1. Using helices alone, what [θ] at 222 nm do you get for chain A, with -39,500 (n - 2.57) per DSSP H run of 4 or more residues, divided over all residues and rounded to the nearest 500?
2. Just how large is the dipole of chain B about the Cα centre, in debye to the nearest 20, putting +1 at every Lys and Arg Cβ and -1 at every Asp and Glu Cβ?
3. Let me confirm one metric for peptide A:44-55, namely the mean number of other chain beta-carbon atoms within 10 Å of its residues' beta-carbons.
4. Across peptide B:359-368, what mean number of C-beta atoms from other chains lies inside 10 Å of a residue's C-beta?
5. Shape verdict for the stretch A:131-175, please, from the Cα gyration tensor: rounded (a/c under 1.5), prolate (a/b greater than b/c) or oblate.
6. What GluC sites (Glu not before Pro) in the stretch A:364-472 are in a loop by DSSP, with at most 11 other Cβ atoms within 10 Å of the Cβ?
7. Around residue B:330, under 15 Å between beta carbons, what's the net of Lys plus Arg minus Asp minus Glu among the other residues?
8. In whole Å, what three semi-axes, largest first, describe the equivalent ellipsoid of the stretch B:65-280 built from its Cα gyration tensor (square root of 5 times each eigenvalue)?
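Just so it is clear, none of the values below were taken in a lab; they were calculated from the coordinates. These numbers come from a predicted model, not from an experiment. All Cβ positions, even for glycine, are placed from backbone atoms using ideal geometry, and neighbour counts span all protein chains on display.
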Amino acid sequence: MQKIFFSILTFSVFAASCSTDLLDRGPLDKYSEQNVWKDSTLINLYVGNIYAGIRSTYDEGGDWLMACITDEGESARTFHLSQQINSGQYGPSDNVYSPYWTGCYTQARKCNTLLERVPEAPLSDALRTRMTGEAYFLRALAYMQLYDRFGRFPIIDKVLSLEDETTIPRAKDEDCVKFILADLDKAASLLPPSYNSANLGRATSWAAIALKSRFLLNQHRDTEAAAAAWAVIDSKKYILFGDFLTLFNPENDNNTEIIFDKQYASGISGQTHSLDTYENSPFFTGFSSAITCPTQNLVDAFKMKDGLAWDQSPLYNAAKPYDNRDPRFYATVLYDGYQWMNETVDMKKGSKFNRASGSGSSPTGYFLRKFLNPKFDTKVNNNNANFQNCPVIRLAEIYLVYAEAKWNLGEKEEARTYVNKLRTRAKMPEIEAADFTFTSLQNERFVELAFEGQRWFDIKRWNEGPQKIGVKITGVDIQDKPEGRTYTRFDVETRFFQPKMYLFPIPLSEINKYPAGTPLEQNPNWN
Amino acid sequence: MYANTDWYSEILNDHAMQTQHNLSVSGGAEKTRYFASAGYAYEGGLFDLAKFNRYNFRLNLESKVGKNFTFNIQSSGMASKARDMGSFNSDYVIQFAMESPRIYPNQFSNGLYNYIPQARGNMYLMARGDNGTRTTTNNVFIGNVSLQYDVPFIKGLSAKGLLAYDKQNTFGKRWLTPYAAFIRDAAGNYSPANTFPSKPELTETYTQYQTLVAEFSLAYQRSFGDHEISALALFNRTDDQGDNLSAGRTNFSSSALDQLDLGDRTQATNTGNATQRGRIGYVGRLGYNYKARYLMEFNFRYDGSNIFPPGHQYGFFPSLALGWRISDEPFFKRAAPFIPSLKIRGSYGLAGNDAVNPYQFLATYNLVQTTNGYSFGGTTPQYISGLQESVLPNPDFTWEKTRIGNIGIEATFWKNRLTLEADYFTKHTVDILIPPTQVVASTLGITLPPQNAAEVQNRGVEIQLGYSDRRKNISWRVRPNATFLRNKVLKYAQATSVPEWQRLAGRSVGFSAVTGYQADGLYQSEDEIKAGPTPLYPNVKPGDIRYVDLNGDNKITPADMSLISKGPYPNILMGADMGVEWKGIELNLLWQGAANVETHFRGTIAWPFAGDGVPAEQHLDRWTPENRDASFPRLWINNQNNSQNSTYWLRNTSYLRLKNLELAYSLPRSILQPAGISQVRFFVSGLNLLTFSSYKYTDPEASSSVAYPLMRYYNAGINVKF
């Protein structure tokens, strides 16, 4: 008996003494730095994570700011941040696009880490070159999105630690532009022009050049923008996809028109978004969805199929206002009577599709149709698993960049040629030389690239905020009268605009981190 | 014609049941003593589906073995099961009940249930269980075995070894089932809504957590005449490990059985991970007292934690306590015979805290499964998990330390009828573990690690009085207490560009301070707005809140914000326990209150249309040109000027509450003794019966949020002791 007790005693003494290693245990669910950078498989996962950090428009489904602060759309949510912006009720403390600020530097750090580690890592030369190119491409993309929204920014091109100065001031405007262009040039020289099927979806040299043409156009550097756009067109690697209506369907992911997409995949383990879940009518999704609603302003921008505006064309019938439109209209806007997922959608307020008031009720009389998957099955995809790719840049935009740059350079016929290529694909009549104006070029961009995240920056480039942002937003009021269904335009709201709004205010929470001597300067007139 | 649905009463019951049963026995013989107890508790929720059951037991056994050994075993266990609705938690149900538009009917006249978009279905049906259930089963076992050896040749010296093992298993099951709710369109047609889920789905989670403690100690305690000496040396090793596992499937073909095997194999998910922690402690204690009149105790801990980087793992935490029982002094007994007991005591010491996430000193990369991986390969995508840096490593941080000082007296007066206990205490916390989020710019691009960066001081006075007396058959007692607290942030890293009036350091605010504008009533006319300062936003109208221009630049900007409130923590806490007894009949009252406390209220209660909510009754007193002296601004949706943090929304939430009232009757002993029963006591009691507060909108004790309401409980029971 005594022996047993002694053994308990000795055991506890023993257990207590052999404990020096107790405090030196490593984590069970994390890799160490040494593991990662010696293993090409793990490095590949690290690169994958940077791709996953790309901010695409689909990721904003349901909370889609860019679409709801331009004349493209209006949010159905009364407390959406866009309502603040549209009424001028925002400032540095409202964190407009602050996720882009923090997100950009998270991406930049990951790219900088990759650039510092890759030279020493056990990789083949081809892989090393590709990963270096990918790092430059992804860094440029993040900084472009930041520059578009906030203007000049603190340039971080190395991995910072707490010992480093982190309160780095905003660089000069020309230095920011130079930095982004240099990254894109390096990416273009290092990345391959295409990939085998297993690596489809990675950034190519053409993707870098395509982004460069967009960026140069925004900087009013038309000659260079035209040259970059022409390089992409002239490569003949990309062809306009035949059918605009199915261009964004998941079965057409990575089609011939796509230069760079954010990749999503179906299935349990895929990277998914929730655009279909948030933007379909509540009837299909089962909750207060359908949040980003197209405006009548956008609907009116779609010409009749004879090429004339709705109020000039003989094809327009007020009782059937959606007949005989530019075919792209049917791929962009879900309107009253639309055939969608085996239902005829009734957009009259109070229908089972468009609720009378509150959540799930469209403020404009329209729901979004563009990008949505017609085969989206809420029965299977209960868990927000939407997987069609999101376009970042496609050939149609390159045509429009080229056309606008050429117009600005005085080569109007060249501009018209490429606008007409888009119209031909869309099955619209070509614009005659006599009718071709800058306005028709602008309108082409509006309808072709609606909801692709470019509208705000286009308006900024054209300096047409008062004409295109600070405008009256209209919707359609649908009523059943004895003579039949009527469609009447009504005013949703008049938007607020001041020129300072072209740039968003730098988030106050960031400004407050900078010491008094070296401030993070606020954008003009935002203090 | 619209419905007028009282969602609150539609969904929630106005009462819930709870029961509790406990049984305990203790006893023993010369060498062995035991204690055993078992209990059962049941709590019903505010809606029928919510339930909580708990069983627990305890068994302690101590036995002397041989001459010098004492064997002790203590074990206890608890098994509980909680049930809630499948899709949402109870708090959400309450929020829904408060915010749902009343014009939505719950049930149509034809018996079909209405589909409410905010609820993503019908909350009544969910609360009834039609949408499935969430059950959590929790099993806890705590046990320890120790053996003490009293060293025979040195009197008072003993050695003790202890092994303790705690094990906790939690099994969660979330079973979601489809149900029917309907949309009625303007034409009066009903169509089935797409409620969630469309097919049954099941997620099961399993967590196990265990702690193994090994302890070895030497203790010495002995009196030498009037001198009493005690000493302890202890070594402790704590080893924590945990595992998490979860699995789920969707597309079940039937709602009848909730087993994973019956779900769709192609729609299966699983996750798993593990954690471990280690701690080592060396403890020493030295105590001395003389005639129990002069008391002294010195303690120290030397603790090591794997939270901190090598070289910074150990912290030394000494403390010293002194006491003087003045009332035992002969001179005092002569001078103040009406004070039978008076003790002065004081202590000062250090305590450590390591409650931050582990491994923040290592450069580690964690796998991020579902959201941060990526797919390459186009039509035949290959998904790769993402790998990302967890946190910026900080190789140089250590224990957070609190210097705790205390001076107090304990006294009794007038034959112990009046008692007094009063303490003054300070808690000065240094090296507070906090990430430098206010000074390190986001340009760093990674999650910040904790640093030993802040310093806070708390001071306070605690007073407890007691008076009890007896006259003939009646005895009564009154025991009020009060605590006065004050805190001050001494050090907190904020950039030098932050205006002085927005800095925490040097102010009596905690880290939960509210930053906002100072309100100056409501604008009464356009002229007032035009007169300036320029309001925050261009759409400000009469009836909106006017703010004070703190920096005098004649416009309202974020620079005019200041620290307007210390957050929902009271400076004064008070309570009182009182009771009266007459021939076995007792009445006991427990009061509780707080003062010098305010809440900054937001959301549904404050704003008329928060979310897709509905205005509350209080919003009737809104500003209109006819009602200028209103208690709320003009009726508004999405008016940013009014929804800013400001002193306009601060409300005093001081309260006094009758926390517990009990009426009891004990049978006289003369009846019981022959039956071998020592006590039979019947009681009825009520919890939270009365509340006095100027804050009327919600419970003042939990005023900052819309959550599960404070319940008013009524209990009835019987205690029997043998």
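1. -11500 deg cm²/dmol
2. Values: 69 positive and 61 negative charges, 583 e Å.
Charge dipole of chain B: 2800 debye, to the nearest 20.
3. Mean number of neighbouring Cβ atoms from other chains: 6.
4. Working: counts 7, 0, 0, 5, 6, 9, 11, 4, 6, 4.
Counting other chains' Cβ atoms within 10 Å and averaging over B:359-368 gives 5.
5. oblate
6. Numbers: sites: A:397, A:404, A:411, A:413, A:414, A:430, A:432, A:444, A:448, A:452, A:464; in loops: A:411, A:430, A:432, A:452, A:464.
Here the sparse-neighbourhood loop sites are A:432.
7. My count for the surroundings of residue B:330 gives +2.
8. Numbers: eigenvalues 701, 83, 33 Å².
Semi-axes, largest first: 59, 20, 13 Å.
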